[in-house]
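The values are calculated or read from the model by the stated rules, or taken from the named source; none is laboratory data. The structure presented is a predicted model; accordingly, all values stated were derived computationally and were not measured. For neighbour counting, all protein chains shown are included, and Cβ atoms are generated from backbone atoms with ideal geometry for every residue, glycine included. Note: accessible area is taken over every heavy atom of the protein model, side chains too, but ligands, DNA and RNA are not part of it. Shrake-Rupley method; radii C 1.70, N 1.55, O 1.52, S 1.80 Å.
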Amino acid sequence: QEVIDTNNIPRINYDSNGENGHWLLEPTSTNLIPYSEDFTTWTVNAATTVYPNTAETLSPSGEYNASKITSDGSNGLYKAVAFGGGDNTKSIYLKGIVGGEQVILRDPAQTINQKTLTLTTDWVRYELSENQTSTIGLWINEIPSNGIYMWGGQLEALSYSTSYIPTL
């Protein structure tokens with residue numbers, strides 16, 4: 001039986017027309033968030049509801065595997081993981097239901113650095129880089145009652161984000 005090693009195989013990135021391919025070179029990285037597309041496994045704050053695999057919109061992967069998240073404008077959801085310390089970058093794909101929704105991207109253990117995001121009706125990958133110790137994570141807070149779409153949470157032990165790495 002032939003075994004194919006998919007580690008350290010370079011990828012080719014194409015422009016929006018599917019043409020002009022070029023090597024995509026980036027360091028090896030790990031997504032520290034388990035179940036990166038299953039937000040039902042995250043810690044869900046009061047008044048927040050997760051609707052997984054919504055048929056309302058395609059995710060950035062082209063499938064109906066994004067989640068719709070609704071809340072009360074003051075709460076949200078987060079995923080925390082143990083961490084030895086140092087640089088880390090959180091990233092997530094978000095999309096507004098009608099556009100103009102505002103949410104907060106922060107870390108559940110360190111809320112000093114945070115970003116207020118204004119969502120559009122297109123998928124955008126948002127990120128936040130920090131340097132900290134012990135527990136780290138990804139927290140989307142102040143989700144409005146009309147909701148937002150989420151897909152592909154990622155947390156890396158780097159000072160920048162790499163290509164999305166799905167986890168199970």
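May I ask you to give the percent of accessible area on the stretch 1-123 that is carbon plus sulfur, with a probe radius of 1.4 Å? Could you put the intermediate results ahead of the total?
Working: 3340 of 7210 Å².
Carbon plus sulfur share of accessible area: 46 percent.
Could you put LYS115, LYS68, LYS90 in order of accessible surface area, largest first, with the 1.4 Å probe and the full protein assembly present? Before the final figure, lay out each step's value.
Working: LYS115 85, LYS68 40, LYS90 0 Å².
So the residues, ranked largest to smallest area, are LYS115, LYS68, LYS90.
Output ³J(HN,Hα) for the stretch 67-78: one whole-Hz value per residue in order, computed from phi by the Karplus curve 6.51 cos²θ - 1.76 cosθ + 1.60 with θ = phi - 60°, and x for Gly and Pro.
Working through the residues one at a time gives 10, 9, 10, 10, 7, 10, x, 10, 10, x, 8, 8 Hz.
With θ set to phi - 60° and the Karplus curve 6.51 cos²θ - 1.76 cosθ + 1.60, what are the ³J(HN,Hα) couplings of the stretch 152-168 in order, to the nearest whole Hz, using x for Gly and Pro?
Once θ is set to phi - 60°, the couplings for the stretch 152-168 become x, x, 9, 9, 10, 8, 9, 7, 8, 9, 10, 4, 4, 10, x, 10, 10 Hz.
Please name whichever of VAL44, SER163, TYR93 sits farthest to the positive end of the charge dipole of the chain, dipole taken about the Cα centre and charges placed at Cβ: Lys and Arg +1, Asp and Glu -1.
Of the listed residues, the answer is VAL44.
Using a 1.4 Å probe on the protein heavy atoms only, what accessible surface does ASP72 show? Give it in Å² to the nearest 10.
80 Å²
So what are the ³J(HN,Hα) numbers for the stretch 31-36, from phi and the Karplus equation (6.51, -1.76, 1.60; θ = phi - 60°), rounded to whole Hz, Gly and Pro as x?
Karplus-based 3J(HN,Hα) across the stretch 31-36 equals 7, 7, 8, x, 6, 5 Hz.
How much net charge surrounds SER71 when only the other residues with a Cβ under 12 Å from the Cβ of SER71 are counted, with Lys and Arg +1 and Asp and Glu -1? Mind dumping the intermediate values first?
On the way: positive: LYS68; negative: ASP72, GLU101, GLU142.
It works out to a net charge of -2.
With all protein chains present, calculate the accessible area of GLU63 using a 1.4 Å probe and round the result to the nearest 10 Å².
For GLU63, the solvent-accessible surface is approximately 100 Å².
First select every other residue whose beta carbon is under 14 angstrom from the beta carbon of GLY147; then total the charges, Lys and Arg +1, Asp and Glu -1. Don't skip to the end; give the middle numbers.
Working: positive: LYS68, LYS95; negative: GLU56, ASP72, GLU101, GLU142.
Net local charge, GLY147 excluded: -2.
Order SER16, SER59, SER29 by their accessible area, 1.4 angstrom probe, all chains in place, largest first. Intermediate values should be presented prior to the final figure.
On the way: SER16 120, SER59 10, SER29 30 Å².
Correct descending sequence by accessible area is SER16, SER29, SER59.
Restricting things to alpha carbons, find the Rg to Rh ratio for the chain using the Kirkwood radius for Rh.
Expressed as Rg/Rh, it is 0.99.
Could you state the accessible area per residue of the chain in Å², with a 1.4 Å probe and every protein chain left in place? Before the final figure, lay out the partial values.
Values: 8870 Å² over 168 residues.
That works out to 53 Å² per residue.
Note down the magnitude of the dipole of the chain about its Cα centre, charges +1 on Lys and Arg C-beta and -1 on Asp and Glu C-beta and zero elsewhere, to the nearest 20 debye.
Working: 8 positive and 18 negative charges, 79 e Å.
Here the chain has a charge dipole of around 380 debye.
Taking Cα pairs under 8 Å and at least six residues apart, what relative contact order does the stretch 1-143 come out at, in percent? Before the final figure, lay out each step's value.
Values: 265 pairs, mean separation 31.5, N = 143.
Value for the stretch 1-143: 22 percent.
Hey, any idea what Rg/Rh is for the stretch 48-90, computing Rh the Kirkwood way over Cα pairs?
Details: Rg = 14.3 Å, Rh = 12.9 Å.
Expressed as Rg/Rh, it is 1.11.
So how much slack lies between THR30 and TYR51, counting 0.36 nm per residue of separation and subtracting their Cα-Cα distance, in nm?
Working: separation 21, 0.36 × 21 = 7.56 nm, distance 2.65 nm.
Extra length from THR30 to TYR51 when fully extended: 4.9 nm.
What shape does the stretch 17-90 have by the C-alpha gyration tensor, where a ≥ b ≥ c are the square roots of the eigenvalues, rounded means a/c under 1.5, and otherwise prolate means a/b greater than b/c and oblate the rest? Walk me through the numbers on the way to the answer.
Details: a/c = 2.78, a/b = 1.25, b/c = 2.22.
Note, shape of the stretch 17-90 comes out oblate.
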